[in-house]
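Single-structure report; data block below.
The values are calculated or read from the model by the stated rules, or taken from the named source; none is laboratory data. Computed from a prediction, not measured in an experiment: that's the story for all the values here. A quick note on method: Cβ atoms are made from the backbone with ideal geometry, for glycine too, and the neighbour counts reach across all protein chains shown. SASA here: full protein model, heavy atoms, side chains in, ligands and nucleic acids out. Shrake-Rupley method; radii C 1.70, N 1.55, O 1.52, S 1.80 Å.
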Amino acid sequence: MEEILIVDGYNVIGDWKRLKEKKKISLEEARDDLLGWLADYQGFTGTKVIVVFDAHNVKGMGKKLTEYRLDIRYTKEKETADECIERLVFELSHRQRQIYVATSDYTEQRVTFGYGALRKSARELWNDVKRLKQEISVKVEETRQQPKGRGLTLDDKIKEQFEKWRRGDV
């Protein structure tokens with residue numbers, strides 16, 4: 001079953017302590033950090049991540065872009081992130097697809113649950129991201145500790161030929 005995680009970007013930034021502090025200095029850096037962590041999450045879990053940023057007070061048609069292999073959406077003028085997320089959940093709902101919505105907005109959780117999505121609070125998402133970062137670190141360390149050359153088992157004659165080629169003895 002395909003899994004999709006739709007993230008209310010500014011809601012999560014406002015909830016995660018690290019990002020909340022960084023936002024005071026630079027909203028752009030807080031967004032970049034969030035996107036980096038979510039890219040790792042998507043890459044490690046295989047869950048497709050869509051991040052929605054509220055731009056309803058900004059004039060324009062909205063914007064869709066791909067960064068870090070994430071689907072990033074800025075809402076159009078007079079559209080809130082909540083409205084965009086609700087529309088996405090409705091459009092993406094399918095029997096072979098499980099949709100999660102990451103937000104700590106209780107009303108938004110209830111509405112999207114009504115459309116068939118499961119809720120994930122910003123805190124739950126942070127716990128998932130922390131756990132995955134630890135798992136990634138463990139996998140990287142395991143990979144580093146593996147002895148080189150453990151790939152294919154080669155016949156002794158083939159090994160000798162490769163060694164000759166490596167030394168330039170051919």
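Quick one: accessible area per residue over the chain, 1.4 Å probe, rounded to a whole number of Å²?
Heavy-atom accessible area per residue stands at 68 Å².
If you take the square roots of the eigenvalues of the alpha-carbon gyration tensor of region 72-131 and sort them as a ≥ b ≥ c, do you get rounded (a/c under 1.5), prolate (a/b over b/c) or oblate?
It is oblate, given that a/c is not under 1.5 and a/b is not larger than b/c.
Per residue, how big is the convex hull of region 31-110 when only Cα atoms are used? Give it in Å³.
107 Å³
Test of understanding: what is the full-extension gain from Gln145 to Thr66, defined as 0.36 nm times their sequence separation minus their Cα-Cα distance? Mind showing how you got there, number by number?
On the way: separation 79, 0.36 × 79 = 28.44 nm, distance 3.45 nm.
Gain on extension, Gln145 to Thr66, equals 25.0 nm.
Once you put a point 7 Å from the Cα of Arg167 and another 7 Å from the Cα of Glu2, both along the Cβ direction, what distance in nm separates them?
Output for this residue pair reads 5.6 nm.
When the distances between all Cα atoms of the chain are binned every 5 Å from zero, what whole-number percent does each bin get?
1, 8, 14, 17, 17, 11, 6, 4, 5, 4, 4, 4, 3, 2, 0
Ignoring any ligand, DNA or RNA, what whole percent of the accessible area of the chain comes from carbon and sulfur when the probe is 1.4 angstrom?
So the carbon and sulfur contribution to the accessible surface is 49 percent.
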